[in-house]
Structure formats: structure tokens, C-alpha cells
1. Quote the relative contact order of the chain in percent (integer), defining contacts as alpha-carbon pairs under 8 Å separated by 6+ residues.
2. Residues with amide H under 5 Å of ILE349's amide H, sequence separation 5 or more or different chain, H placed in the peptide plane at 1.01 Å from N; which?
3. Convex hull over the alpha-carbon atoms of region 72-219: what's its volume per residue in Å³?
4. So how long is each side of the chain along the principal axes, counting just the alpha-carbon atoms, biggest first, in Å?
5. How would region 274-351 be classified by its alpha-carbon gyration tensor: rounded, prolate or oblate, with rounded meaning a/c under 1.5 and the a/b versus b/c comparison settling the rest?
6. Could you name the lysines whose alpha carbon sits less than 27 Å from that of LYS486, not counting residues in the same chain fewer than 8 places away?
7. LYS450: which aspartates and glutamates have alpha carbons under 12 Å from its alpha carbon, excluding same-chain residues fewer than 8 sequence positions away?
8. Just to be sure I understand: of the beta bridges DSSP finds with both ends in the chain, what percent are antiparallel, rounded to 5?
Amino acid sequence: MPLSRRTLIGSSLAAATAAAIRPAQAAANVLRIGISTSLSTLDPMMVTTGDEYIYANLVFNGLARMREDLVVEPDLAESWSFSDDLKRWTFRLRRGVKFHDGQEMAADDVVASFQRLLDPAGTSPVRSQYDMVESVSAPDAATVVFQLKISYGGFADILTDRQVKIVPRSAAAQLATQPIGTGPFKFVSYTAGDRLVLARHAGYFEPGLPKLDGAELRIIPEMSVKIAALQAGDIDVLWDLPLEQVKPLSGRADLRVDSIPTASWDGAILNNAIPPFNDKRVRQAFHLAVDKKEVVELTLFGQGVETISPIPPSHPFYAKDVVVPKTDAAAARKLLAEAGYPNGIKLPIILPVGRPVRERLGVTLQQIAKAGGFDLQVQRLPYSSFNAEVSGKAPLYIDGFFARPTVDTSLFPFLRSMGSWNERLWHYSDEAVDRALDAARSSADPAVQKKNYIDMQAALVANPASFFAYSVNYACAYRKSVGGIKTHPMKWFDLRHATLG
């Protein structure tokens with residue numbers, strides 16, 4: 001096939017960019033991970049994007065951690081116990097754990113970290129997720145006690161999440177520029193648009209770990225350039241591989257590709273606070289206009305499954321018997337007319353540059369929803385600008401979220417009235433949803449939780465908060481020289497045992 005001028009220019013640009021990201025001399029035992037966007041924050045309590053989650057889980061530790069098989073195990077806590085009513089949780093800390101600056105971690109650091117998270121004047125995106133905490137105290141240097149307002153059986157599980165990391169009690173003011181944690185890697189430098197450099201924490205509390213001398217997060221927005229860099233050996237790991245690349249790259253002898261099911265989801269964010277989606281009928285019409293099966297096929301190439309909420313269909317709490325209205329373009333247009341839009345609705349749909357699956361989802365929705373009366377005008381914006389310019393402000397945009405450690409943490413901050421993520425996204429409020437979420441998190445009985453979560457999903461179908469398109473597989477690609485890493489369904493990396501052959 002003859003090459004066009006455009007093809008030649010594109011190839012030259014890709015080659016030039018790949019050359020630009022190649023170091024003059026790559027360090028022999030430093031793992032290089034290709035990510036998509038610059039980090040907006042280095043403060044672990046404030047991270048909100050997948051690229052930032054990778055960093056947070058390499059530099060910091062929580063009281064508990066979640067393995068690749070989703071089993072929760074001790075991290076900075078060596079053990080925990082709880083009262084019969086599930087309201088008092090006691091954590092015994094590991095002794096001798098050192099922060100990157102040489103200070104020894106103590107219970108007062110844990111207390112200070114959580115007090116900062118829970119401060120009503122603070123702006124942590126996950127504060128409401130921990131609003132069941134009444135108090136946190138340190139009876140001695142090795143013990144932390146959480147007193148909860150409600151019975152909450154999953155409390156240790158939510159302490160594995162991305163933002164609940166422990167930092168020195170004296171270091172809060174410097175986290176934005178000189179972050180200090182206890183993790184296997186310590187911060188060296190960060191250059192927006194280029195890379196974040198980490199070095200081995202020689203005083204890490206697990207003997208002999210980490211095995212690497214360091215790690216680098218290379219910021220490469222263009223996926224074609226990332227793939228070229230991986231194939232050339234200029235990076236060792238490609239995070240969040242596009243699903244259409246799973247099969248082609250799996251055939252290469254020098255690479256290893258993993259694609260695993262997750263509870264991560266993508267969707268169209270419908271802003272309930274402003275027109276046109278402040279009218280429930282318009283949100284209902286959007287669902288009637290779009291066939292989710294078609295969306296999954298066109299967007300994910302079969303690497304996922306349609307869903308009605310952040311609960312994936314594989315979960316026992318999924319409401320498989322709730323009746324979901326079938327796609328009906330005529331019914332969608334009728335609802336729009338009843339809502340005051342007899343000629344349909346024309347509005348922009350904002351797509352995140354650097355998130356190829358979500359970009360494809362937006363284009364797919366633009367094509368499918370038109371028959372139902374939605375004339376969507378595609379606009380593209382760098383994902384790093386979403387927090388400041390799009391989230392909670394635009395009427396319609398494409399976004400998605402990674403799996404959370406529990407069903408409660410997947411739902412409560414997102415769908416509960418005044419939930420921290422709800423306020424950043426769709427400004428949704430429904431009394432039936434609130435009641436179900438409150439009842440589910442107040443019980444340790446799985447049967448009670450299941451009933452309430454099914455009730456919540458039924459209410460969500462009747463009064464949609466937004467458009468949850470699918471639960472998506474997650475894929476990464478590795479050079480064959482990389483060992484000791486498993487692809488994590490929470491989309492971060494555990495590099496403690498990682499090696500370079």
C-alpha cells in the first residue's frame with residue numbers, strides 16, 4: 001500500500017517522539033512504566049486519576065492493602081480486631097517502620113493522617129466515604145482505635161483505598177512538592193509532561209524488598225507512541241493497554257499481555273444540576289436511545305459487559321432481575337417532547353484526550369443516540385483539564401472510574417446525596433437510593449446488604465443518575481524481561497517483587 005504524505009508525517013512524528021522519551025543511557029535496574037497524563041497532585045489524599053493512583057501506591061502505604069486476588073491483608077498494621085457491634089476497630093501497628101526521611105512511623109502519624117482526611121474544611125475527594133468515623137485515637141505508639149458512628153463490617157477493606165495513605169504528621173505542608181511516605185519507593189523528582197522518578201527505599205520495612213533500584217512513570221499521551229516505545233524497549237510496561245491492541249500484541253514473542261475482568265466502569269456523565277439533564281425524563285430518554293449491547297461491541301471489542309450501576313454483573317449483589325426498559329428511539333423522542341424538546345436536543349459531548357476507550361465510547365454514543373433525538377457534538381479536552389474545567393460543570397461528558405475495594409465504596413460516594421464524588425460529577429439526589437445505601441452500609445449481614453443494593457439499583461433504573469455503559473476489562477503489556485508483577489484489577493502496581501531480567 002503506498003504511503004501518503006500524512007502517513008509519512010505521522011510516522012516521523014511518532015519516531016521523533018519515541019526518540020525524545022528514550023534516555024541517553026537507561027538505568028539497568030529501573031522499571032519504566034508508560035502512562036498517559038501528567039499528575040495533577042503529589043498529595044496522596046488528593047489523587048483522583050489512575051496515573052496518580054500508580055504513584056500513590058508506590059510511594060505510600062495504608063493500614064491495609066489489597067492483593068491482586070482482591071484479598072485484603074495487613075500493611076502498616078500488623079493486625080486488627082473489632083467489637084461485637086462492629087463500631088470499634090483497633091489496629092496494631094508494625095514497629096520499626098521508617099518514613100523516607102528516616103523518621104519512625106508511630107500511631108500519632110496515623111491519627112494525624114486521618115484527621116486531615118476527615119477535616120470538614122478539607123477537600124479530599126473521598127472524605128464522605130469515611131464519614132462513619134466518629135473519632136480516631138492513639139492509646140499508645142503502636143495502637144490506633146477508630147470509633148465508628150454505625151456498625152460497619154467492611155472498615156478494614158476500605159483502608160486499602162488509594163487516598164488513605166499514612167504520611168508524617170509534620171509533613172502535610174510539603175506533600176505537594178516533597179512527598180514523604182513509607183512505601184517501597186521514595187520520591188526523587190517530577191517534571192510535568194515528562195516523568196516522575198522514584199528510587200528504592202533502602203529502609204523499607206520488608207527485608208530484601210523492593211528488588212528494583214527505582215521506577216519511572218513516563219508521561220506519553222499518544223498511545224501509538226507508547227506502543228512503539230514498548231516494542232523498542234524504551235519502556236518496560238505499558239499501563240492501560242487499549243483493548244483493541246490485546247490480540248495483536250499478544251502475538252509478539254518479546255511481550256506479555258494480560259487482560260482481566262474488573263469492576264471498573266465507563267459512562268456518559270449526565271449533569272443533573274443543569275439543563276437538559278436536570279429533567280429526569282431527558283435522562284430516561286438517553287437510556288432509551290442507546291443500546292448498551294451495541295456500545296459494548298463497538299467500544300470494547302468484547303472485552304467487557306454492560307451494566308446498570310457500578311456493581312458489575314459478575315457480583316452477587318447485581319440486580320439481574322430488575323427490568324430495564326428496552327432500547328426504543330421513538331419512545332426516547334416522545335419523552336424529549338414531553339420534557340419540552342419536541343425537536344430533540346443538540347449539545348456538546350466532551351471526550352478525554354489520552355483515554356482512547358472513553359474517546360471511542362463518546363463517538364459511539366454520538367452515532368447511536370442520534371436516532372433517539374440527541375444530536376451530540378464531539379469536543380475533545382486533555383483529561384488533565386477535566387477536574388478544573390469539566391467535572392461537575394459540563395452538561396455531558398465521558399468519564400469512568402476504577403474498581404473500589406468494596407461495593408459500599410463503589411456506590412456511597414457516587415450516588416448518595418452530597419456524596420463527595422456525586423458533587424464532582426452529576427449532582428444526583430434520590431430518597432430511595434439514599435435509604436438503600438444507608439441501610440446496606442449499616443449492616444454486616446450479606447443478605448441484608450444484597451436486598452438493599454438490589455433496591456438501590458431498581459431505584460436507579462427508574463431515576464437514572466447517569467449513563468453507566470459497561471464494566472470493562474483492564475489490560476497491561478510488559479516486556480518479557482519484566483518479572484514479579486501481576487496485573488492488578490484495581491489498576492495500580494505492586495512493584496515490591498518486580499525484577500528486570
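1. Details: 1051 pairs, mean separation 103.7, N = 501.
Relative CO of the chain lands at 21 percent.
2. The answer is GLN377, VAL378, GLN379.
3. On the way: hull volume 18.6 nm³, N = 148.
In region 72-219, the Cα hull volume divided by residue count equals 126 Å³.
4. In descending order, the Cα extents are 68, 68, 36 Å.
5. On the way: a/c = 2.10, a/b = 1.70, b/c = 1.24.
Since a/c reaches 1.5 and a/b is larger than b/c, the shape of region 274-351 is classed as prolate.
6. Candidates past the 8-residue exclusion: LYS98, LYS165, LYS186, LYS211, LYS226, LYS247.
7. ASP408
8. Numbers: 53 of 71 bridges.
Percentage antiparallel, nearest 5: 75.
Readers should treat all values here as calculations from the given coordinates under stated rules, not as data from a laboratory. Everything numeric in this text was worked out from a predicted model, so none of it was measured. Neighbour counts are summed over all protein chains in view; Cβ atoms, including those assigned to glycine, are modelled from backbone coordinates with ideal geometry.
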